[in-house]
Amino acid sequence: MNKVQCVRGTYDLYGEAKRKTKKVISVGGSIVEKYGFEEIETPVFEFTEVFSRNLGDTSDIVTKEMYCFEDRGGESLTLRPEGTAGVVRAFISEGMQQNLPVKLYYAGPMFRYERPQKGRQRQFTQFGVELLGVETPQADIEIIAMAYEFIENLGLGGTITVEINSLGDKESRDAYREKLVAYLRANYDRLSEDSKNRLEKNPLRVLDSKEECDKEVVAGAPLYQDSLNEASKSFFEAVLRGLDNLGIKYHVNNRLVRGLDYYSHTVFELTTDKLGAQGTVLAGGRYDGLVEQMGGGKVPGIGWACGVERLAMLLDEDVSLPRPIAVIPVGGEADAKALEIAYQLRKAGFRVDQAYGGNLKKRMMKANKANAAKAVIIGTDELAEGNVTLRDLDCGEQQIIPLDRLIERLK
Ligand code: ATP
Ligand code: MG
């Protein structure tokens with residue numbers, strides 16, 4: 001039997017919560033457009049391989065969290081768990097490689113089968129950006145600056161920390177991997193079952209484990225920075241110097257790795273201490289190998305994505321809408337005129353509230369409830385002379401004015 005409720009881990013967004021998520025997305029859009037990013041909308045589902053082959057087959061997302069299904073044609077499809085793989089798929093299939101750099105942003109629902117808790121949903125919204133075709137640290141600096149400006153514009157600048165690390169290039173990664181494997185083997189018995197498995201397939205993933213026993217082992221693991229080669233070190237130095245120049249504060253966190261396989265060089269997260277265990281609000285990094293791995297050319301990339309609901313929860317002020325004007329007819333004959341006046345006021349750009357029934361007193365109460373600033377009261381007698389009453393609902397003062405001066409007076 002169908003229950004009249006939404007599926008576990010999904011939510012109806014409306015009222016204040018919806019206003020806040022909408023604000024996060026619109027502030028994000030206006031910031032990143034200043035940097036030259038254009039919006040792209042890719043499908044909510046893709047062929048399963050788009051994710052399974054590219055996110056890494058030991059990642060949490062691929063092993064435990066994807067919503068995969070077979071469609072009626074027998075095709076294996078997956079509801080997208082993140083945005084980058086789909087955008088890069090579009091970048092390749094739409095032939096965008098001809099015109100680099102390409103700067104894209106997106107906003108939309110993502111789906112992960114996770115254990116629902118505060119800030120962790122099964123359907124959630126991400127806003128994200130991808131910059132393709134720039135291999136120099138300039139891209140890393142700009143993309144982090146953009147994330148920072150976005151968070152500041154939401155009024156959250158003071159509550160957020162930028163955590164940053166470098167995974168280096170392939171040579172550095174291989175060198176680190178070797179040291180890490182040796183260390184993890186020496187501590188094999190203390191690892192979780194998942195991590196014992198990861199140790200064989202993708203040992204770096206162990207660093208990202210959320211299991212307590214793994215965290216204890218990881219605390220003593222060799223540091224990534226000691227394995228970076230000269231080229232990777234100087235790349236990372238250039239990124240940090242660039243951030244210093246812009247006055248962006250960061251914290252180098254040598255334990256920061258990202259959960260997906262495709263990252264190299266710079267990885268970063270913006271975190272807050274206000275959401276408990278779900279403190280990461282925005283995360284990203286460089287993915288120089290991904291386009292090629294997906295069948296495109298050698299095109300470097302870097303991007304980030306933020307959890308829109310997590311950011312929305314941090315906004316303490318409700319998003320204010322302009323206060324409406326209430327249009328109130330008195331007596332049935334004024335109804336038609338009221339509709340007409342409301343229509344004209346809306347066309348002139350005002351937000352207008354109209355109760356659809358009730359006497360003057362009832363309608364006044366509704367106008368106050370809607371937080372209207374002013375009421376236009378339309379009585380038949382005044383109307384016959386071409387007038388209406390304009391009442392200030394804050395101080396109670398009212399005046400009779402000619403209808404044809406109404407818009408001018410309200411402005
Ligand atoms: P976590 O370690 O919290 O699981 P993640 O590494 O899986 O995060 P990303 O894939 O980097 O997260 O996603 C980017 C952002 O999207 C996160 O920082 C977070 O703000 C948000 N996000 C990720 N998963 C969820 C979810 N299940 N519900 C709500 N927001 C989420
Ligand atoms: Mg996760």
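The values are calculated or read from the model by the stated rules, or taken from the named source; none is laboratory data. Since we're looking at a predicted model, the values are computed, not measured. Here the Cβ is made from the backbone with ideal geometry for all residues, glycine too, and neighbour counts use every protein chain on show. Ligands, DNA and RNA are excluded from the accessible area calculation, which covers all protein heavy atoms including side chains. Shrake-Rupley method; radii C 1.70, N 1.55, O 1.52, S 1.80 Å.
Restricting the search to region 372-399, which residues are open to solvent by 80 Å² or more (accessible area, probe 1.4 Å) and either farther than 16 Å from A338 by Cα or among the aromatic types (F, W, Y) (or both)? Scanning region 372-399 gives D394, C395, E397, Q398, Q399. A single member of M294, M313, M365 is closer than 30 Å to I248 by Cβ and open to solvent by 20 Å² or more (accessible area, probe 1.4 Å), and it is M313.
Quick check on my filter: what residues within region 1-21 are β-branched (V, I, T) and open to solvent by less than 80 Å² (accessible area, probe 1.4 Å)? If the condition is that a residue be β-branched (V, I, T) and open to solvent by less than 80 Å² (accessible area, probe 1.4 Å), then T10, T21 are the ones that fit.
Does region 55-78 hold any residues that are open to solvent by less than 40 Å² (accessible area, probe 1.4 Å) and within 16 Å of ligand 2 (Cβ to nearest atom), and which are they? Write out each step before concluding.
Residues of region 55-78 open to solvent by less than 40 Å² (accessible area, probe 1.4 Å): 55-56, 58-59, 61-62, 65-66, 77-78.
Within region 55-78, L55, G56, T58, S59, I61, V62, E65, M66, T78 meet the criteria.
Restricting attention to region 90-119, which residues are out of contact with any helix residue (DSSP H, G or I) (no Cβ under 9 Å at 6 or more places or on another chain) and within 16 Å of ligand 1 (Cβ to nearest atom)? Working first, answer last.
Of region 90-119, the ones out of contact with any helix residue (DSSP H, G or I) (no Cβ under 9 Å at 6 or more places or on another chain) are 93-95, 98-100, 108-110, 115-116.
Answer for region 90-119, where residues must be out of contact with any helix residue (DSSP H, G or I) (no Cβ under 9 Å at 6 or more places or on another chain) and within 16 Å of ligand 1 (Cβ to nearest atom): G108, P109, M110, R115, P116.
What is the residue count in region 258-286 for residues that are part of a strand (DSSP E or B), over 25 Å from T58 (Cβ atoms) and more than 16 Å from ligand 2 (Cβ to nearest atom)? So the answer is 1. Would a scan of region 236-245 turn up a residue that is among the charged types (D, E, K, R) and within 16 Å of ligand 2 (Cβ to nearest atom)? So far as region 236-245 goes, no, none of its residues is among the charged types (D, E, K, R) and within 16 Å of ligand 2 (Cβ to nearest atom).
Out of the strands (runs of 3 or more DSSP E) lying entirely within region 66-116, which hold 1 or more residues that are at pLDDT 95 or above and in contact with a Cys (Cβ under 8 Å, 6 or more places away or on another chain)? Because the criterion is at least 1 residues that are at pLDDT 95 or above and in contact with a Cys (Cβ under 8 Å, 6 or more places away or on another chain), the strands (runs of 3 or more DSSP E) in region 66-116 that meet it are 76-79. I'd like to check something: does region 299-306 contain any residue that is more than 40 Å from the chain's Cα centre (by Cα), open to solvent by less than 60 Å² (accessible area, probe 1.4 Å) and not polar (S, T, N, Q)? Within region 299-306 (the criterion being more than 40 Å from the chain's Cα centre (by Cα), open to solvent by less than 60 Å² (accessible area, probe 1.4 Å) and not polar (S, T, N, Q)), the answer is no, since none of the residues qualifies. Taken as a whole, the condition of being under 26 Å from the mean Cα position of the chain (by Cα), at pLDDT 95 or above and not hydrophobic (A, V, I, L, M, F, W, C) applies to E135. Counting only helices (runs of 4 or more DSSP H) that sit completely within region 287-387, those holding 2 or more residues that are in contact with a strand residue (DSSP E or B) (Cβ under 9 Å, 6 or more places away or on another chain) and within 16 Å of ligand 1 (Cβ to nearest atom) correspond to 308-314. Look through region 273-286, keep the residues that are within 16 Å of V24 (Cβ to Cβ) and open to solvent by 10 Å² or more (accessible area, probe 1.4 Å), and return whichever of them is farthest from ligand 1 (Cβ to nearest atom). The qualifying residue farthest from ligand 1 (Cβ to nearest atom) is K274.
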